[in-house]
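**Student:** Before anything else, here's the structure in question.
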Amino acid sequence: MDVDAKANFTDLTGRCFAHPVFDYLLIGGGLSLIVIPAVYGLSDRSTMLDSSILPWFVLFSNSAHFAASTVRLYTKPGTKDSLPFLTLAFPAVALGVLTLCMFASDWISRYVQLIYLTWSPYHYAAQAYGLSVMYCVRSGCNLTKRQKQALWWIAILPFFKVLIIALSKHAVAWTVPDYILWSHLDWRSWIEWVSMILGGLALVLPILLFGQVWRTTDRSMPLISLLVILTNALWFVIFPLIDGFVWTTIFHGIQYLAIVMIFHVRDRLALPGNKRSAASHAVWFYGASILLGYAMFNCLPYGYQMLGFGAAKSVLLVIAAINIHHFIVDGYIWKLGRGDVNRRVVEGDAVAAGQG
Amino acid sequence: MSRLSQSRRLTPPSRSRFSLLFLVGNLVFALLLGGGVGYSFHTRGRLPDVRFGYVDNHRQLLETGKQSELIPDLRTAALVSFDDASAQLQLLLTASIVNDSENIAVAMRGLLSHTPGDAELHAELAAVLLRRAALDEALVHSSYAVKLVPSSARLHSVQGAVMLAMGRNREAVSAYREALQLDPELEPAKRALAYPLRNY
């Protein structure tokens, strides 16, 4: 391989955090392209969903990822000073609101459920956009303001697809009178068409934007920036709503855990008095996330059952509350503001990329 | 949200209030967790399972034959977790066993959100609503069922029954005649035209 070819290959691969294989599989979502077809191709899907393995898989990826944002909030240097409400008061506020919802669950629960189920795809899409831009920055690809805006709207197309389906399936049914809902007007076909078009655009437009950036800027977008957007869209487009949710949620969790642990480990290693290895910081962070995930998802609902609330109500509302808490916390811990430690982690290598 | 971003400018008294809230919040959280673990030990003799709780809880109640105790929780699951078709099916089965038409209707409405084109389910729901005297809603679903599968005699017959219950006898006759055209042996239609609608 000559020098130019090697440089082009590095440009396309981008500057990874750990190793291209690790970054592309876990953070880029490439693993889902292998695992999901394997599950469908090699085994009966229902076997996997019914098996006793799935709850463990959910604990180690999904529950741990929700807990990881809280672990990160309290371990990220400086957050207690910069975000006192979020770190000190917000847990009590969240717990109070959750308990109030338990009392009014008959009318409020399904709206809480709808909020978190529609917020989820937005959250996944926003994370995909954030990661995509982050890899561009690290790799020295300077997107213009317009390109960033285009990338944002393209990244959140899967959210609009889910939103339109969820609203038409549920919120409309709760608010629109029956005689309109089940009238001769064939509005469901229109919804299907719009959602199909949105799904198609979510898969085609990222590739077109990649090509446009390739033609107009000095450095191309790294492929991982494209991959992360495409894999987030793919499962919502291919599968029905619930299946898309299950798969996207699992691989979003893995992606999240990978990136949050990288940030945590780099912060810890940068501390002046650090004596522990990167692996031990990673194991500590992941262990704490699994424990907290188990406590929140599996033990807390029993606490509400102890107080006399029903099992379904306790489990479903606790899950909804943890989701919403996670989305709010996430909106703050990933800020790349001036002086934020996150910026150091991202820019640390970006400077090198610019020089390279 | 704005309060969150303004938090950098907190004064010491505000900060101490937040710290107090932090202590209270964590204390309540710890009590709920500890209580939850204790409750799980007390009721099931083991730590909370890794699988989310309420499915096992429902199974346990089903196995002990306490269907009526199960219905309120299943109803919550079917209403709150509106995409959970298995909770809605379970509610449908359990409510059918104890002949609880209100919850049968709740389950069927939930199931229709997954399969809006299921004409049989619309007709079944119309029949349940008819028994509950919810005639306007019954009419909506029976009409929609006929629209979906106009060649089904049974669906026209359900439509006829709803019309008859509403006192719209001429439309009932029309629906029953349509049903008999499609299936001349359809007993409910023959009976309805022979007796209550004899003079129409």
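**Student:** In whole Hz, with x marking every Gly and Pro, tabulate ³J(HN,Hα) for the stretch A:89-105 from phi via Karplus 6.51 cos²θ - 1.76 cosθ + 1.60, θ = phi - 60°.
**Tutor:** These are the phi-based 3J(HN,Hα) values: 8, 4, x, 5, 4, 4, 5, x, 5, 4, 5, 4, 4, 4, 6, 10, 5 Hz.
**Student:** Using Cα pairs closer than 8 Å and at least 6 residues apart in sequence, work out the relative contact order for chain B, in percent. Don't skip to the answer; put the middle values down first.
**Tutor:** Details: 194 pairs, mean separation 18.9, N = 200.
Result for chain B is 9 percent.
**Student:** A further question follows. In whole Å, what are the extents of chain A along the principal axes defined by its C-alpha atoms, from largest to smallest?
**Tutor:** Per principal axis, max minus min of the Cα coordinates gives 67, 55, 42 Å.
**Student:** Let me ask something else. Which of the residue pairs A:Lys169/B:Lys147; A:Lys76/A:Lys335; A:Lys161/B:Lys147 have a Cα-Cα distance greater than 23 Å in the structure shown?
**Tutor:** Numbers: A:Lys169/B:Lys147 20 Å; A:Lys76/A:Lys335 12 Å; A:Lys161/B:Lys147 28 Å.
Distance filter (> 23 Å) returns A:Lys161/B:Lys147.
**Student:** Highest mean first, how do B:98-104, A:296-302, A:151-157, A:183-189 rank when packing is the count of other Cβ atoms within 10 Å averaged over residues?
**Tutor:** On the way: B:98-104: 15.6, A:296-302: 25.1, A:151-157: 21.4, A:183-189: 10.9.
Packing proxy ranking, top to bottom: A:296-302, A:151-157, B:98-104, A:183-189.
**Student:** With +1 on each Lys and Arg Cβ and -1 on each Asp and Glu Cβ, how big is the dipole of chain A about its Cα centre, in debye rounded to the nearest 20? Before the final figure, lay out the partial values.
**Tutor:** Working: 25 positive and 18 negative charges, 186 e Å.
For chain A, the charge dipole is close to 900 debye.
**Student:** How do B:145-158, A:268-281, B:166-179 rank on mean C-beta neighbours within 10 Å, highest first?
**Tutor:** On the way: B:145-158: 19.8, A:268-281: 11.6, B:166-179: 18.1.
Top to bottom by mean Cβ count within 10 Å: B:145-158, B:166-179, A:268-281.
**Student:** While we're looking at this one, here's another question. Ignoring everything except DSSP H segments at least 4 long, calculate the 222 nm mean residue ellipticity for chain A; use -39,500 (n - 2.57) per segment, divide by total residues, nearest 500.
**Tutor:** The helix contribution divided over chain A gives -24000 deg cm²/dmol.
**Student:** Hey, what did chain A get for relative contact order, percent, Cα under 8 Å, at least 6 apart?
**Tutor:** Here the relative contact order equals 34 percent.
**Student:** Over all residues in A:157-167, what is the mean tally of Cβ atoms on other chains that come within 10 Å of each residue's Cβ?
**Tutor:** 0
**Student:** Check chain A for me: any Cys whose beta-carbon has no other cysteine beta-carbon within less than 4.7 Å?
**Tutor:** A:Cys16, A:Cys101, A:Cys299 - these cysteines have no disulfide-compatible partner (Cβ-Cβ under 4.7 Å) in chain A.
**Student:** By how many nm would the segment from A:Ile207 to A:Leu100 grow when fully extended, if each residue of separation counts as 0.36 nm and the alpha-carbon distance is taken off? Mind dumping the intermediate values first?
**Tutor:** Working: separation 107, 0.36 × 107 = 38.52 nm, distance 4.62 nm.
That pair, A:Ile207 and A:Leu100, stretches by 33.9 nm at full extension.
**Student:** Can you work out the accessible area per residue across the protein assembly as shown, with the rest of the protein chains kept in place, probe 1.4 Å, in square angstrom? Write out the running numbers ahead of the final one.
**Tutor:** Values: 26360 Å² over 556 residues.
Each residue of the protein assembly as shown exposes 47 Å² on average to a 1.4 Å probe.
**Student:** Right, here's the next one. Over the stretch B:120-200, with every protein chain in place, what whole percent of the accessible area is carbon and sulfur at 1.4 Å, could you tell me?
**Tutor:** On the way: 2090 of 4120 Å².
Here it works out to 51 percent.
**Student:** Whole angstrom only: what separates the Cα centroid of the stretch A:57-72 from the Cα centroid of the stretch A:126-165?
**Tutor:** 24 Å
**Student:** Checking a compactness column here: for the stretch B:110-200, what do you get for Rg(Cα) / (2.2 N^0.38 Å), N being the number of residues? Walk me through the numbers before you get to the answer.
**Tutor:** Values: Rg = 12.4 Å, N = 91, 2.2 N^0.38 = 12.2 Å.
This ratio for the stretch B:110-200 stands at 1.02.
**Student:** Just tell me how shielded A:56-64 is by partners: mean number of partner chain Cβ atoms within 10 Å of each residue's Cβ, no decimals.
**Tutor:** Numbers: counts 2, 1, 3, 2, 1, 0, 0, 2, 0.
Going residue by residue through A:56-64 and averaging, the value is 1.
**Student:** A follow-up question, please. Can you tell me how much longer the chain between B:Leu89 and B:Lys190 gets when fully stretched, taken as 0.36 nm per residue apart minus their C-alpha distance, in nm with one decimal?
**Tutor:** On the way: separation 101, 0.36 × 101 = 36.36 nm, distance 3.31 nm.
Net length gain for the segment: 33.0 nm.
**Student:** A follow-up question, please. How much mean residue ellipticity at 222 nm does chain B get from its helices, if each DSSP H run of length 4 or more adds -39500 (n - 2.57) and you divide by all residues, to the nearest 500 deg cm²/dmol? Intermediate results must be reported in sequence, preceding the final value.
**Tutor:** Details: 11 runs with 152 residues, N = 200.
When only DSSP H runs of four or more count, the value is -24500 deg cm²/dmol.
**Student:** When every alpha-carbon pair in chain B is counted, what percent end up more than 31 Å apart? All intermediate terms of the calculation are to be shown ahead of the outcome.
**Tutor:** Working: 9391 of 19900 pairs.
Considering chain B, 47 percent of its Cα-Cα pairs are separated by more than 31 Å.
**Student:** Okay, moving on. Using a 7 Å offset from the Cα along the Cα-to-Cβ direction at both A:Tyr111 and A:Ser277, what is the distance between the two label points in nm, to one decimal?
**Tutor:** 5.3 nm
**Student:** Give the average, rounded to an integer, of partner chain Cβ atoms located within 10 angstrom of each Cβ in A:85-98. Let's see the in-between values first.
**Tutor:** On the way: counts 11, 5, 3, 14, 13, 7, 7, 11, 2, 2, 6, 4, 0, 1.
Per-residue shielding by partner chains comes out at 6.
**Student:** To the nearest hundred square angstrom, how large is the accessible surface buried between A and B, total for both chains, probe 1.4 angstrom?
**Tutor:** Numbers: alone 18270 and 13020 Å², together 26360 Å².
Roughly 4900 Å² of accessible surface disappears when A and B pair.
The values are calculated or read from the model by the stated rules, or taken from the named source; none is laboratory data. Predicted model, so just to flag it, every value in this text is computed and none were measured. Positions of Cβ are backbone-derived with ideal geometry, glycine not excepted, and every protein chain shown enters the neighbour counts. Protein only, heavy atoms only, side chains kept; ligands, DNA and RNA dropped before computing areas. Shrake-Rupley method; radii C 1.70, N 1.55, O 1.52, S 1.80 Å.
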